[in-house]
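Have a look at the structure below before the remarks.
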Amino acid sequence: MIIISIAGQMLHHRHRCGTWRSYPVSTAGRGSGNRRDSYQTPLGRHRIVEKIGAGLPINTIFQARRPCGIYQPEVDGSEGDWILTRILWLGGCQRGVNRRGAVDTQARYIYIHGTHDEARIGTPCSHGCIRMRNCDMLELFDRVICGESVVIRP
């Protein structure tokens, strides 16, 4: 199980053996909200619907969930919202809250993913996704399974 605290900018993961591991994250700069095109982080119960990027190098750049190179700051710059290293694609579990229609988390392409902007981890600055340090993303990715529960709290 994964619990994400927007107020604390933390992700807590309970391993199968029962121990907990915590990671700093960055959620949306516009706060929390479930509506399409809000650029907010959705609240409620979710699950991991797909794991993307297994076996690829750290700092792999993803566009439309496809690897397309390795991030190099001196070449790629720091503008934009780079999706790096791995992707955990989230799907909502609560119809009318974060599933279906104008509030569908999966259709909004909300991910847990690595970022080029690691210096801002711990502050809300994403466009809706949950950003992590790339080394933390690698560790979490290897410890979660598809279907695992993700709860996002205010």
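Values quoted throughout were computed directly from the atomic coordinates according to the rules given, and no laboratory measurement underlies them. This structure is a prediction, so every number in the text was calculated from the model and none was measured. In this analysis, Cβ positions are derived from the backbone assuming ideal geometry, glycine residues included, and neighbour counts consider all displayed protein chains.
Placing R0 at 25 angstrom, the Cβ-Cβ distance between residue 107 and residue 68 gives a FRET efficiency of 0.65 after rounding to 0.05. For the stretch 40-71, the residues whose amide N sits under 20 Å from a probe point set 7 Å from the Cα of residue 151 along the beta carbon direction are 41-49.
Kirkwood radius and radius of gyration were both taken over the C-alpha atoms of the stretch 12-154, and their ratio Rg/Rh is 0.95. Per-residue Cβ neighbour counts within 10 Å put 56, 140 in the sequence 56, 140, beginning with the fewest. Based on Cα contacts under 8 Å between residues 6+ apart, the stretch 1-70 shows a relative contact order of 15 percent. Mean sequence separation of contacting Cα pairs (under 8 Å, at least six apart), scaled by the length of the stretch 13-120, corresponds to a relative contact order of 26 percent. With R₀ set to 25 Å, the beta-carbon distance separating residue 76 from residue 119 gives a calculated FRET efficiency near 0.95. Tell me the net charge near residue 123. Cut-off is 15 Å between Cβ atoms, residue 123 excluded, with +1 for each Lys or Arg and -1 for each Asp or Glu. Taking every other residue near residue 123 into account, the sum is +1. Applying the Kirkwood pairwise sum to the alpha-carbon positions of the stretch 52-126 produces a hydrodynamic radius of 13.6 angstrom.
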